[in-house]
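Student: Have a look at this one.
The values are calculated or read from the model by the stated rules, or taken from the named source; none is laboratory data. Computed from a predicted structure; not experimentally measured. Because the Cβ atoms are built from the backbone with ideal geometry, glycine has one as well, and the counts that use them run over all protein chains shown. Accessible surface is based on the protein model in full, side chains and every heavy atom, while ligands, DNA and RNA are left aside. Shrake-Rupley method; radii C 1.70, N 1.55, O 1.52, S 1.80 Å.
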Amino acid sequence: MKYLIVLGDGMADEPIEEWHGKTPLEQAYTPALDALAQRAEIGTVRTVPDGVPVGSDTANLSLLGYPPERYYTGRAPLEALGLGVRMDKNDIMLRANLITIQENNSAFFRRVLLDHSADEITTDEAAILMDVIRREFQNSTFSFYIGTSYRHLLCWHGGERIQLAQPHDHLGEPIGAYLPEQPDLRELMSKSYAVLHQHPINQARQARGLHKANCLWFWGAGTPVQLPSFREQTGKNGVMISATDLLRGIAAGIGLRYVPVAGADGTWHTNFMGKALAAVQALREGADFAFIHIEAPDEMGHRGDAQRKMQAISSIDQQVIGTVVRELQAAGEAFRLLVLPDHATPVRCRTHTHTPVPYLLYDSTQPILCPHQRYHEKSAQNGSYFSTGSELLAHFLQI
């Protein structure tokens, strides 16, 4: 039996009035999911417990069988694993987003946060800007590491664990109330604006009608993390396919082999089909388990763009789910397929919520006959319920 998870990050949502109360998942064109739903188990799962911040870090740990209340030390240390960054025991790792803040004559703390991703700046452009940051600010206390797109890291040697605001939670708000209380970090953020906002990369982006990546934003602070291996936990060997440093880091931490895919960039334009084919190839070559993570729905949720979120879900259906089902059936493989989001990212609020999310579980050897069933948030309410991601994983893997 082969086991495959297709995870549409932030795919779950709320009813949208303009679509007569349908969610993006309901509104999307999903022939592959519709066909599977009529022969699948559908229900809901609570991926993140109360008292734990809801995010892709905590939710994906949960769904891979690692309760975040036990294993989570912060987001940035997981991403550090993905970049191969070694942390000492006294280090604090922080996410360093390249963001867009308002440019005007007001004081720095009064400026409005416009975009947590600087219009999903390309990795090549971001690397040039982060090299500038390194030259200006790297020293014995602060080390910077270049990641993917807008997602980068700051290692604070001998630092302190502090609470920091997530930028995607405060779009459209003045930044003053959410700046770090620690003076050195506040100063780094304000000085980063001074060196970035007039950089030629940003001038060129502005000329193309794109947001400038004109400031750093620190969040996701954490201490070094240790995780038991996925094979020890489940008896399965597997692969991870994702464009994000976070999922690559989780894979490194739990011993899943990371499979790079050309053109997979974590955006709305990612190589959807390439991810599907890479997973199928890995399963054919001996992997028991494959995890395909797709960032696009979450990014569109944060942008408040229901239309593109719906289109991203349609692409997942036709280019990922349709492809893996067709290829595995053609190869004569018996397989179990789990489709779900890690959390909801409603376009209304443009951030993550604790709402239980819908899942679909299809077993090629034991199809269930539900001829009128579809997969979406409303229909899932009538199905099974799992109180943790670990419980759903055990059910899925039959362990």
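Student: I need the full set of residues from segment 301-311 which are under 16 Å from Ala118 (Cβ atoms) and touching a helix residue (DSSP H, G or I) at 6+ places or on another chain (Cβ under 8 Å), in order please.
Tutor: Result: His302, single match.
Student: Something else now. Between a first residue in segment 81-108 that is more than 19 Å from Val132 (Cα to Cα) and a second residue that is of a type in the set (D, E, K, R) and outside any loop (DSSP other than H, G, I, E, B), which pairs have beta carbons less than 7 Å apart while being 6 or more apart in sequence or on different chains?
Tutor: As it stands, the answer is Gly82/Asp245; Gly82/Arg248; Leu83/Asp245, since those pairs meet every condition given.
Student: Being surrounded by 24 or more Cβ atoms within 10 Å (Cβ to Cβ) and either among the aromatic types (Phe, Trp, Tyr) or in contact with a strand residue (DSSP E or B) (Cβ under 9 Å, 6 or more places away or on another chain) (or both) is the filter here; which residues of segment 244-253 pass it?
Tutor: We begin by selecting, within segment 244-253, every residue surrounded by 24 or more Cβ atoms within 10 Å (Cβ to Cβ); these are 244-251.
Hits for segment 244-253 are Thr244, Asp245, Leu246, Leu247, Arg248, Ile250, Ala251.
Student: Contact list please: Cβ distance under 6 Å, first residue in segment 131-155 and farther than 22 Å from Thr270 by Cβ, second residue of a type in the set (Lys, Arg), pairs at least six apart or on different chains.
Tutor: Phe144/Arg134
Student: Looking at the structure I just gave you, is Gln318 of a type outside the set (D, E, K, R) and free of Cβ contacts under 8 Å to residues at least 60 places away in the same chain? Can you show your working first?
Tutor: Values: of a type outside the set (D, E, K, R): yes; free of Cβ contacts under 8 Å to residues at least 60 places away in the same chain: no.
Here the answer is no, as Gln318 does not meet what is asked.
Student: While we're here: Kindly indicate the residue of segment 48-93 that is open to solvent by 10 Å² or more (accessible area, probe 1.4 Å) and of a type in the set (S, T, N, Q) and also nearest to His354 (Cα to Cα) among those meeting that condition.
Tutor: The selected residue is Thr73.
Yes or no, residue by residue, for (1) open to solvent by less than 40 Å² (accessible area, probe 1.4 Å); (2) in a loop (DSSP other than H, G, I, E, B); (3) closer than 14 Å to Thr47 by Cα:
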residue: Leu361; (1), (2), (3): yes, no, no
residue: Pro367; (1), (2), (3): no, yes, no
residue: Cys370; (1), (2), (3): yes, yes, no
residue: Gln373; (1), (2), (3): no, yes, no
residue: Lys378; (1), (2), (3): no, no, no
residue: Ala394; (1), (2), (3): yes, no, yes
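Student: Follow-up question, since we're still on this one. Are there any pairs with C-beta distances below 9 angstrom linking a residue in segment 29-50 that is under 13 Å from Ser62 (Cα atoms) to a residue that is small (Gly, Ala, Ser) and part of a loop (DSSP other than H, G, I, E, B), with the two at least 6 apart or on different chains, and if so which?
Tutor: Val45/Ser387; Arg46/Ser387; Val48/Gly55; Pro49/Ser387
Student: For segment 131-151, name all the residues that are within 19 Å of Tyr193 (Cβ to Cβ) and surrounded by 22 or more Cβ atoms within 10 Å (Cβ to Cβ).
Tutor: Answer for segment 131-151, where residues must be within 19 Å of Tyr193 (Cβ to Cβ) and surrounded by 22 or more Cβ atoms within 10 Å (Cβ to Cβ): Ile133, Tyr150, Arg151.
Student: Give me a count of the residues in segment 264-287 that are open to solvent by less than 20 Å² (accessible area, probe 1.4 Å), in contact with a helix residue (DSSP H, G or I) (Cβ under 8 Å, 6 or more places away or on another chain), under 30 Å from Tyr150 (Cβ atoms) and in a helix (DSSP H, G or I).
Tutor: Counting residues in segment 264-287 that are open to solvent by less than 20 Å² (accessible area, probe 1.4 Å), in contact with a helix residue (DSSP H, G or I) (Cβ under 8 Å, 6 or more places away or on another chain), under 30 Å from Tyr150 (Cβ atoms) and in a helix (DSSP H, G or I) gives 4.
Student: When you look at Gln307, is it closer than 27 Å to Arg374 by Cα, among the polar types (S, T, N, Q) and open to solvent by 10 Å² or more (accessible area, probe 1.4 Å), yes or no?
Tutor: Values: closer than 27 Å to Arg374 by Cα: yes; among the polar types (S, T, N, Q): yes; open to solvent by 10 Å² or more (accessible area, probe 1.4 Å): yes.
Yes.
Student: Restricting to segment 1-33, give me the number of residues that are open to solvent by 10 Å² or more (accessible area, probe 1.4 Å) and not in a strand (DSSP E or B).
Tutor: As a first pass, look at segment 1-33 and keep what is open to solvent by 10 Å² or more (accessible area, probe 1.4 Å): 1-3, 13-22, 26-27, 29, 31-32.
Retained after the next criterion (residues that are not in a strand (DSSP E or B)): 1, 13-15, 17-21, 26-27, 29, 31-32.
Residues that pass the stated criteria total 14.
Student: Just to be sure before I move on: is Asp169 charged (D, E, K, R), in contact (Cβ under 8 Å) with a residue 12 or more places away in the chain and closer than 15 Å to Asp115 by Cβ in the structure I sent?
Tutor: Values: charged (D, E, K, R): yes; in contact (Cβ under 8 Å) with a residue 12 or more places away in the chain: yes; closer than 15 Å to Asp115 by Cβ: yes.
Considered against the rule, which asks whether it is charged (D, E, K, R), in contact (Cβ under 8 Å) with a residue 12 or more places away in the chain and closer than 15 Å to Asp115 by Cβ, Asp169 comes out as yes.
Student: Next question. Return the residues of segment 321-346 that are acidic (Asp, Glu) and closer than 30 Å to Ser387 by Cα; say none if nothing qualifies. Give the steps one after another, and end with the answer.
Tutor: Going through segment 321-346, the residues acidic (Asp, Glu) turn out to be 327, 333, 342.
Within segment 321-346, Asp342 is the sole residue that qualifies.
Student: Turning to a different aspect of this structure: Yes or no: Ala290 within 18 Å of the chain's Cα centre (by Cα), outside any helix (DSSP H, G or I) and of a type in the set (Gly, Ala, Ser)?
Tutor: Numbers: within 18 Å of the chain's Cα centre (by Cα): yes; outside any helix (DSSP H, G or I): yes; of a type in the set (Gly, Ala, Ser): yes.
In short, yes.
Student: Now, a different point. Could you tell me which of the residues Leu154, Leu185, Leu171 is within 21 Å of Ile121 (Cα to Cα) and open to solvent by less than 30 Å² (accessible area, probe 1.4 Å)?
Tutor: Numbers: Leu185 fails: within 21 Å of Ile121 (Cα to Cα); Leu171 fails: open to solvent by less than 30 Å² (accessible area, probe 1.4 Å).
Exactly one residue qualifies, and that residue is Leu154.
Student: Moving on. How many residues does segment 59-79 contain that are within 17 Å of Ala394 (Cα to Cα) and assigned to a helix (DSSP H, G or I)? It would help to see each step written out before you state the result.
Tutor: Of all residues in segment 59-79, those within 17 Å of Ala394 (Cα to Cα) come to 59-68.
This time we only want the ones that are assigned to a helix (DSSP H, G or I), so: 59-63, 68.
Qualifying residue count, segment 59-79: 6.
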